[in-house]
Amino acid sequence: MKKLLSILMVAVMVLSFAACGSEPEVDLQILIEEDENMINTYSLIAVDQDAPFVDADGKSISDVKLNEAGADALINWMLAEDTAKLIADYGKEEYDDCLFYNLEGAPVSEADIPKASDETKTIRMSTTTSVNDSGLLGYLLPKFEEKYGYKVEVFSAGTGKSIENAKCGNADLILVHAKAQEEAFIAAGYGRAVDGMENERLPFMYNYFVLCGPSADPAKVKEQDSVLDAFKAIADTKSLFVSRGDASGTHTKELALWPAELGITAEAESFADYSDWYISSNAGMGACLLQASEKGAYILSDKATFLTFIANGGVIEQ
């Protein structure tokens, strides 16, 4: 019920701003970044046609048909040197900062990419909100589609939900950023190796998570030596914190940053005693950033989405 109320509250705020014709006033800034505990790596995984697909109730699905050729085409294009340059350059001019970086040692594809056919034209990608809300996919995919004739249908949610979507047979590939969840997906038989690649999981780019908060910085986060110290300071001062609460890659990273003695996990009962300052929203990154700005709260975000949010005046354009 608390999660539902949080989502409804964010929706009401967005509608209110739209109704009055003005943009929300944003009071959020990056307080800690580029800490070694805040590296955010993104991976591609092709979904296996022979995976043990199940529906939302855990019942086996036997009639799934995947577009493996289309998935391979998109993955090979995403791992090509020319695409790596596009990724590294994205956002530099508009945001005066890099939104994503090429991962050193990432697999590189030199494979020939076939044109789309009637059978392979539609590719379904299940992905995290950060690559969508940051505008990266809106920048990259039209270039791929125009050159090769494919149409990429994007399902965008937190990493956990994106992976569950693929387990239901609704995706030909996933692009996500939570290593443990990715490895579990592969171990359960859902991933496959693309021809020419050694592994199913293909890490290829990264950026940083950033700890953001209000300019007043009530927990004195900016004075801390590390992000771990910063999270302890937030808890010690009971300063408001907005959590994604949605099993996304960002949520998974956040849970690893709290002091162990707090016992904060994905389970609601683990933070029930902290309800006066810990807000679990079960919402996307853009909605959570808006909520944090309105409440004067701290929040963990991927840097790309945060920079896009600020540049757009507190709005995530879909």
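Brief remarks follow.
- Qualifying residues in the range 52-74 (those that are free of Cβ contacts under 8 Å to residues at least 24 places away in the same chain and among the acidic types (D, E)) - the one farthest from E110 (Cα to Cα): D57
Conditions (1) among the aromatic types (F, W, Y); (2) farther than 21 Å from K220 by Cα; (3) at pLDDT below 95, marked per residue:
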residue	(1), (2), (3)
I264	no, yes, no
A268	no, yes, no
D273	no, yes, no
D276	no, no, no
I279	no, no, no
M285	no, yes, yes
K295	no, no, no
Y298	yes, no, no
A304	no, yes, yes
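- Looking only at residues of the range 36-51 that are over 19 Å from S109 (Cβ atoms) and crowded, with 19+ Cβ neighbours inside 10 Å, we find that the one that is farthest from the chain's Cα centre (by Cα) is A51.
- Evaluated against (1) over 18 Å from E34 (Cα atoms); (2) assigned to a helix (DSSP H, G or I); (3) touching a helix residue (DSSP H, G or I) at 6+ places or on another chain (Cβ under 9 Å); (4) modelled with pLDDT of 95 or more, D236 falls short on exactly one condition, (3).
- Selection over the range 275-298 of residues that are buried (at least 17 other Cβ atoms within 10 Å of the Cβ) and either of a type in the set (G, A, S) or without any contact (Cβ under 8 Å) to a residue 24 or more places away in the chain (or both) gives a count of 9.
- Matching entry among L240, L255, L202, L211 (being under 22 Å from E183 (Cβ atoms) and buried (at least 20 other Cβ atoms within 10 Å of the Cβ)): L202
- The numbered conditions (1) farther than 30 Å from A84 by Cβ; (2) in a helix (DSSP H, G or I); (3) out of contact with any Pro (no Cβ under 9 Å at 6 or more places or on another chain) are all true for L307 except (1).
- Being over 24 Å from T305 (Cα atoms) and either part of a helix (DSSP H, G or I) or modelled with pLDDT under 95 (or both) holds for only one residue in E200, E146, E182, and it is E146.
- Total residues in the range 52-69 satisfying the condition of being outside any strand (DSSP E or B) and surrounded by 10 or more Cβ atoms within 10 Å (Cβ to Cβ): the figure is 9.
- Among the residues listed as V131, V152, the single one being buried (at least 17 other Cβ atoms within 10 Å of the Cβ), assigned to a helix (DSSP H, G or I) and in contact with a strand residue (DSSP E or B) (Cβ under 7 Å, 6 or more places away or on another chain): V131
The values are calculated or read from the model by the stated rules, or taken from the named source; none is laboratory data. All figures in this text were calculated on a predicted structure; none of them were measured in a lab. Using ideal geometry, Cβ is built from the backbone for each residue, glycine included, and neighbour counts are taken over all protein chains shown.
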